[in-house]
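Colleague: This is the structure, below, for whatever I ask next.
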Amino acid sequence: MSNKIISMIRKELIDAARDKRSVMAGLYYAMGAPLLMCGMFFLLIGQLTSPEDLNIKIGNAQGAPDLVKFLSSRGISQGDGEDTKDIQLIISDDYAANMAKGLSAEVTLIADASNEKLQISIRRLEKSLQEYSGEMGSLRLIARGIDPRVMQPIKLNVEDKATPDSKAGMILGLATMTMIYAVFISGMNLAIDTSAGERERNSLALLLSHPVSTWEIVIAKITAVTIFAMVGLILTLIVSKFAYAFVPWQELGFAVSVNTNFILMMIVVGAPVAVMAASLQLFVSFMAKSFKEAQSYITIVLMVPMMLAMAASYNIAPETIQWLPVSGQLQALIEFIKGRELPLTQLAVSSAFTLAIALGLAIGMQKSLKSEKIVFGL
């Protein structure tokens, strides 16, 4: 790398450091995203391990005292307060008589299944009612001298081959998506400022008047933005390492640890993505005619890597996505943290594709800087 490029990189970093608000705005995500993920995991673990009592309206509760008692043992009880869910369980008037005769006793569940806030509570109530129905059915068979097992011709035994590492990998895989996305957010402000921002300040034309080639300018800007992106990624990993240690993973039967091997692997895999992110953001910013227009365009463009990351994390896309940038690296990382064999071919192809896109964008920038429309925003 020539002295000119090193000097321009230093110049870009010094200019960026002077605007502390812009620097911190790019790093807020790196520090805040792991903390928000930890908060989400705290709530999720709390709901899975100790669900809150469910208060509902029960009509004719005195007609089925055993059912009401059973539901109460499952944390479902009748309530009239503000915390009572908009769910009604109506017990028929002939419930007790039908139960005594060994007939089907009718209960009616009234609720709005389209209400997202009630869906979990509705499923919980339905599951409890099915459990009670199963127990009553078994007791009726026993009373008639019939083994309840005759109603279960198939006994399913499930052996979970998942290891603690693979179970932890399912959780950490979701967090990995936010980590890889940090390279796009952390360098975004610098990318806009060093392209569209410099053009509005008329410093881009002044820079091009110096005895430096457009290639050297492009390389210097990409390198500076990449450095910021990698700083954001490293900061995200550091915060995650300490923050995830406070989450009570043991209540789920496994532990999640952001260890040194994962951090090093994340840095190696994230480097090509950071180069592509820097090239993409700079290219889009140069194509925009103003600073605000560049912000709008980049916000839209960043939806693409986000969708690729989500598709890889939730495995909702065809297998061809494993060869694409971001998604390919993310899937390889998820396999790594689950303790499985690292898909080197997939990682190599997706990383090469990532760098090829970065090179194509760099060539496009180099040619665009020779155009007066781009340099002066005409």
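Colleague: Quick one: would you say S209 is touching a Phe, Trp or Tyr at 6+ places or on another chain (Cβ under 6 Å) and of a type outside the set (D, E)?
Modeller: no
Colleague: Additional query: Given region 297-374, what helices (runs of 4 or more DSSP H) lie entirely inside it while holding 3 or more residues that are within 21 Å of K221 (Cβ to Cβ) and either of a type in the set (K, R) or in contact (Cβ under 8 Å) with a residue 12 or more places away in the chain (or both)?
Modeller: In region 297-374, the matching helices (runs of 4 or more DSSP H) lie at 344-368.
Colleague: Of all residues being over 12 Å from L359 (Cβ atoms) and of a type in the set (V, I, T) in region 267-287, which is surrounded by the fewest Cβ atoms within 10 Å (Cβ to Cβ)? Just the residue, please.
Modeller: Among those that are over 12 Å from L359 (Cβ atoms) and of a type in the set (V, I, T), it is V268.
Colleague: At least 2 residues that are at pLDDT 80 or above and surrounded by 15 or more Cβ atoms within 10 Å (Cβ to Cβ) in each: list the helices (runs of 4 or more DSSP H) lying fully within region 132-209 that qualify.
Modeller: Output list reads 164-186, 188-192.
Colleague: Has region 36-54 got any residue that is assigned to a strand (DSSP E or B) and farther than 30 Å from A274 by Cβ?
Modeller: Within region 36-54 (the criterion being assigned to a strand (DSSP E or B) and farther than 30 Å from A274 by Cβ), the answer is yes, since at least one residue qualifies.
Colleague: Output yes when any residue across region 76-95 is touching a residue at least 12 places away in the same chain (Cβ under 8 Å), assigned to a helix (DSSP H, G or I) and farther than 30 Å from T226 by Cα, and no when none is.
Modeller: Yes, because at least one residue in region 76-95 is touching a residue at least 12 places away in the same chain (Cβ under 8 Å), assigned to a helix (DSSP H, G or I) and farther than 30 Å from T226 by Cα.
Colleague: When region 88-106 is examined, which residues are found to be open to solvent by less than 50 Å² (accessible area, probe 1.4 Å) and in contact with a helix residue (DSSP H, G or I) (Cβ under 8 Å, 6 or more places away or on another chain)?
Modeller: L89, I91, S92, Y95, G102, A105
The values are calculated or read from the model by the stated rules, or taken from the named source; none is laboratory data. Bear in mind the structure is a predicted one, so any value in this text is a computation, not a measurement. We place every Cβ from the backbone using ideal geometry, glycine too, and count neighbours over all the protein chains shown. These area figures cover heavy atoms from the full protein model, side chains too; ligands, DNA and RNA do not enter into them. Shrake-Rupley method; radii C 1.70, N 1.55, O 1.52, S 1.80 Å.
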